1. Provide a single number: the residues in the range 115-144 that are open to solvent by 70 Å² or more (accessible area, probe 1.4 Å) and polar (S, T, N, Q).
2. Determine whether the range 168-191 contains at least one residue that is within 15 Å of the ligand (Cβ to nearest atom) and either farther than 17 Å from Ile282 by Cβ or surrounded by fewer than 12 Cβ atoms within 10 Å (Cβ to Cβ) (or both).
3. What's the number of the only condition in (1) in contact with a strand residue (DSSP E or B) (Cβ under 7 Å, 6 or more places away or on another chain); (2) in a loop (DSSP other than H, G, I, E, B); (3) open to solvent by 30 Å² or more (accessible area, probe 1.4 Å) that Ile32 fails to meet?
4. Could you tell me how many of the residues in the range 192-234 are more than 11 Å from the ligand (Cβ to nearest atom), open to solvent by 70 Å² or more (accessible area, probe 1.4 Å) and among the basic types (Lys, Arg)?
5. Restricting to the range 190-219, count the residues that are out of contact with any helix residue (DSSP H, G or I) (no Cβ under 7 Å at 6 or more places or on another chain) and within 19 Å of Ile158 (Cα to Cα).
6. Going through the range 349-386 one residue at a time, which ones are within 23 Å of Leu316 (Cβ to Cβ), among the acidic types (Asp, Glu) and either in a strand (DSSP E or B) or open to solvent by 20 Å² or more (accessible area, probe 1.4 Å) (or both)?
7. Quick check, is Asn324 free of Cβ contacts under 8 Å to residues at least 60 places away in the same chain, open to solvent by 60 Å² or more (accessible area, probe 1.4 Å) and polar (S, T, N, Q)?
8. Go through (1) closer than 30 Å to Arg98 by Cβ; (2) in contact with a Ser or Thr (Cβ under 7 Å, 6 or more places away or on another chain) and name the single condition Pro333 misses.
Amino acid sequence: MVYVLAKNGKPLMPTKKHGKVRHLLKDGKAKIVKRTPFTIQLLYESDNYTQPVNLGVDAGTKHVGLSATTGNEVLFEGEAQLRTNIQELLSTRREARRARRNRKTRYRKPRFNNRKKPNGWLAPSIQNKVDTHLKLVDMVCSILPVSNIKVEVAQFDIHKIKNPEIEGEQYQQGEQLGFWNVREYVLYRDNHTCQYCRGKSKDSILNVHHIRSRQSHGDRPGNLVTLCETCHTKLHKESLENYFHPKDKGFKDESQFTILRWFIYNGIKEKYPDVNLTFGYITKNTRIKNNLPKSHAVDARCISGNPLAKPPVNTLYIKQVRKNNRQLHKFNPSKGGIRKANKAPYLVKGFRLFDKVLYNNRKCFIFGRRKSGYFDLRLLDGTKIHASASHKRLDLIESATSMLKEVS
Ligand SMILES: [Zn+2]
């Protein structure tokens, strides 16, 4: 798939006609604006015809799935791996600063009362995740004429469970889907652990069991309990049905992750007012009903509302890395009490860390550099290409950014 921008920079429908693209580029009627994903911009006025494109976002703390679809085709699909080291790096920094203060290396006027957090402050690790989701949505919207964005804001809809009589667009999906909602809540409430053996059976398949008959006591959370399949079968076989008693306790609060997803949703809504929301139980139901494999990108496809769109040939993999190493000196002094600089040169033989390079006709990334000019080359999933490849055999494809991109 080649993504196409109009002369004014607005995205058009992508094309699969590689021959035509080659001609346009050769004749100077288009130029390349991005290598990954491959995007060209037309240099002449064209009719700016577009179809409605839905973008589904499977938000996450470690992985993000993205899928842009029309009714019959997936135009873009990608998975991003987010940074998880921010909290650790900040506590290392805090430690280093504290140690430096104690060493009294220089006089500095005492500073105090400068610790007030501004309104809307989020912990840096959380803020980064919110920002990255926005960045990824921006990236897709810059290459495709996205008309509608959908984000999964929670695994289940707690408001619907609390007030089943609520009416509204997303509440008219029938009783069956209503049970999927409660089921997802009960699994969350019971920490995804069997309430009979507490996980001792090692059975990973979980069922949600009706304590009293569904006809008399219904699908309310108080009448449901999480059981592993082993215990569920055993309970029915040995007539232990009276082991549990229905109870209506209060509701368990939303998880941290759900709160983060609401931040992401609100962040996207600020920039793209056409954003809609959905819930995980709907995504899961759609995926299982259509017999689709479980992955972040496929979930995003289900969220986009076109689960049966023709799957793409390629998926874009994105890994987020830090831009630079801000620690100036090694933490532990070497013999003689000298603190060595912790800085690698900006360029080693013309290459930076995380540059995308061609080695033996394979595209890979520089994951480690040595002064000698022999580098550690890997793919984004960590697959080793070469532990010590000479810089002479490398060709630079793309300079390092904080979002490494690989098509596969
Ligand atoms: Zn069990």
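1. 1
2. yes
3. (2)
4. Qualifying residue count for the region: 2.
5. 4
6. Passing the criteria: only Asp381.
7. So Asn324 fits the description; yes.
8. Going through (1) closer than 30 Å to Arg98 by Cβ; (2) in contact with a Ser or Thr (Cβ under 7 Å, 6 or more places away or on another chain) one by one, Pro333 breaks only (2).
The values are calculated or read from the model by the stated rules, or taken from the named source; none is laboratory data. Here the structure is a predicted model, which means the values were calculated and not measured. Cβ atoms come from the backbone with ideal geometry, glycine included; neighbour counts cover every protein chain shown. Heads up: the accessible areas ignore ligands, DNA and RNA and are worked out on the full protein's heavy atoms, side chains in. Shrake-Rupley method; radii C 1.70, N 1.55, O 1.52, S 1.80 Å.
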